1. Please give the length that would be gained between Gln419 and Asn43 if that part of the chain were fully extended, namely 0.36 nm times their separation in residues minus their C-alpha to C-alpha distance (nm, one decimal).
2. Normalised by the number of residues in the chain, what is the relative contact order in percent for Cα pairs under 8 Å and 6+ residues apart?
3. Could you give the semi-axes, largest first, of the ellipsoid that matches region 56-181, computed as the square roots of 5 times the alpha carbon gyration tensor eigenvalues and rounded to whole Å?
4. Say the cut-off is 23 Å between C-alpha atoms; which of Lys114/Lys176; Lys114/Lys199; Lys430/Lys554; Lys114/Lys325 go over it?
5. For region 371-488, just list the percent of Cα-Cα distances falling in each 5 Å bin from zero outward, please.
6. By how many nm would the segment from Ser508 to Ala182 grow when fully extended, if each residue of separation counts as 0.36 nm and the alpha-carbon distance is taken off?
7. Kirkwood Rh over Cα pairs of region 413-643 into Stokes-Einstein at 10 °C, 1.306 mPa s: D in µm²/s?
8. Which cross-chain or sequence-distant (5 or more) residues have an amide H under 5 Å from the amide H of Lys176, H modelled 1.01 Å from N in plane?
Amino acid sequence: MIRRSDWSKIALLGVLLLTVLVYFPSLQGGFLFDDFPNLGEMNKYGDMHQWENARQFVMNGIAGPTGRPISLLTFVPQADAWFNHNAKPFKIINLIIHLLCGVLLYWVTVLLLKSYGYTKEKIVWIALLSASFWLLHPLFVSTTAYVIQRMAQLPLLFSLLAIVGYFKGRGILNSKPMLAYALMTLSIGLGTILATLSKENGALLPLLIVVIEFCNPSQNNKPLWQWRAFCLWLPSLAIAVMLIRYIDLSPNPWPTRPFNQMERLWTEGRVMIDYLKLLFIPRIEGYGLFQDGYQISRGWLFPPSTLFSILFLLTLLVSAFVCRKKYPLLALAILFFVAAHLMESTVIGLELYFEHRNYVAAIFLFLPVAAGLSTLSEKVKPSIGILASILVLGILATLTWQRAMLWSNTSKLQIYWAQNSPDSARAQAKFADLLMNADQYQQANQVLIRAIQYHPNGALMIQLIQQKIKMNEEKSSDFQQLRQQLLVQRIEPDDVMGLRSLVETVASNSRLAALHADELVALLNELIQNNTSYQRYGMGPLTQLLQGQLYLAKGDVNQAYSHYEAYAIQFQRINLAQIAISDLDHRGYPQLALQLLNKTEREYQQQLIGSPDNQAIMRKLRADIQADMQAGRLAGMDKEKGRQ
């Protein structure tokens with residue numbers, strides 16, 4: 001006979017199985033957007049079965065200030081799947097992590113409710129419901145089914161493990177104080193390090209525990225204030241100081257963003273309300289990963305929802321402090337949600353909106369709902385509470401399954417996003433790209449032409465030119481329109497990437513170089529002289545390299561070399577010199593590459609002496625160039641023999 005205490009474990013297992021079933025279709029989807037630059041670094045280092053290659057990949061991450069080595073380390077075992085273009089093994093691991101987080105969330109909630117003084121009979125079912133709502137919520141499909149967002153999952157995994165250790169230590173404070181403090185200190189310290197090295201918002205862990213303690217109505221087993229000051233308050237203060245240092249109310253603190261800091265703060269008020277709407281009024285799919293079209297708030301009333309959103313958030317915060325003693329779970333849900341967003345939704349110049357930012361923030365958001373359903377069962381009728389709980393879980397599971405079905409086909413998913421994101425230049429660019437891949441050339445052009453009419457955008461114009469080039473339909477007027485647009489608009493990263501790609505296309509084709517190289521050289525000169533955002537973006541070095549490539553394509557070798565030399569020497573960055581040398585060699589000019597290498601070694605002698613890594617790179621470059629020169633001589637000898 002099953003004991004009453006075992007029913008909760010069976011129910012939790014059932015929820016986990018249901019989660020697997022509703023997420024299962026999403027495992028068939030492919031890689032998306034940020035998967036490619038981050039995991040694509042494996043291609044740079046090669047076979048991940050070789051320790052040195054794996055170490056280089058793990059220790060040279062590009063996703064954030066820490067490099068996120070813990071997250072990258074977890075991708076190494078699936079490296080073969082990356083090279084085989086198979087996303088499924090990555091998604092399976094992500095789903096396993098999601099399930100582990102759900103189990104740990106249940107455990108943490110049980111320990112939290114016990115600490116808050118809830119009775120044993122209520123604790124298990126409230127914790128089960130709260131964790132189940134989180135596990136089955138459709139919003140987190142875009143975290144779990146998006147391979148690279150393992151970087152958002154792992155900070156939660158390590159944070160939950162740390163909170164379990166903290167509560168376990170807290171529970172034995174009276175009986176075994178030395179062991180308790182050691183366990184709590186180790187849990188918070190190790191958990192914060194592992195979470196932060198997975199993604200930077202893991203550094204918020206001590207602050208999140210401060211919030212949990214602040215809302216705790218019970219004073220039993222409370223750690224000494226000296227320990228709390230050192231292990232919780234001091235790290236939280238460090239985060240606050242770091243965020244304060246990011247405050248910059250100048251007109252243009254981030255050259256690569258279309259908003260300043262005040263505009264970001266105004267907009268994030270609306271973003272936070274949108275997050276809450278999606279969490280409490282879930283839907284199958286939103287705008288997906290195309291959020292560059294999100295309307296930026298330019299003032300308190302532009303749009304008017306800005307002021308109302310910020311006032312609503314302030315009301316929630318005040319309510320949390322007011323009701324903290326009477327309704328601690330409600331206060332916890334609000335304060336934890338806000339605290340978890342402090343790093344990604346305030347003064348740091350990140351993009352405005354991403355659903356995965358709620359993966360940590362929402363873990364206790366459904367706790368008051370679960371407690372309310374428990375109270376409903378007690379006050380009204382048990383069957384009413386049970387039926388209401390099953391109904392909510394059923395709705396969440398159905399929406400999640402439908403969203404997982406949409407995520408099972410990456411192409412259809414991106415088309416869906418594009419059609420629902422008319423204000424997103426990236427969405428329209430991707431839609432056109434998908435149409436081109438399906439050989440629907442005219443339709444692809446029409447998508448971009450319509451998008452450019454409503455939202456003039458340099459990156460879209462560049463993509464349209466690239467598409468026309470594939471059909472030999474490009475005209476000088478297309479380049480003139482691009483010039484007019486880029487000279488007046490704020491330059492964004494997508495514009496820079498597009499320019500590099502366009503130059504590469506023109507420089508690699510003699511017909512295009514003859515027709516359009518001069519136009520692009522002139523455009524680059526005008527941008528560096530007349531577009532202030534282009535200048536602020538630090539485009540001087542790149543402009544020299546791009547112009548060098550164009551002059552090479554025209555056959556003006558002397559002019560090309562002068563630009564390569566400027567790129568390598570003028571800006572006093574040895575990594576630029578290495579790129580220039582390698583590029584000259586790869587474009588078939590090993591003699592010029594060797595000449596530039598010799599000059600670089602003279603100019604950067606002191607830096608090379610101080611950096612064994614740079615010395616090794618230079619030696620390899622020299623060996624590669626000499627090998628190419630030898631191969632060229634042998635090819636010339638073969639041609640000569642053929643003429644004889």
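1. Values: separation 376, 0.36 × 376 = 135.36 nm, distance 3.27 nm.
Roughly 132.1 nm would be gained on extension.
2. Relative contact order here is 12 percent.
3. Value: 33, 20, 10 Å, ordered largest first.
4. In this structure, Lys114/Lys199; Lys430/Lys554 lie more than 23 Å apart at Cα.
5. Calculated over all Cα pairs of region 371-488, the distribution is 2, 10, 15, 14, 11, 8, 6, 6, 6, 5, 5, 5, 3, 2, 1, 0 percent.
6. 111.1 nm
7. So the translational diffusion coefficient is about 81 µm²/s.
8. Under 5 Å from the amide H of Lys176: no residue qualifies.
The numbers here are math on the coordinates, done by the rules we state, and not lab data. Just so it is clear, the structure is predicted and the values come from calculations on it, not from any experiment. Quick reminder, even Gly has a Cβ in these numbers, built from the backbone with ideal geometry, and neighbours come from all protein chains shown.
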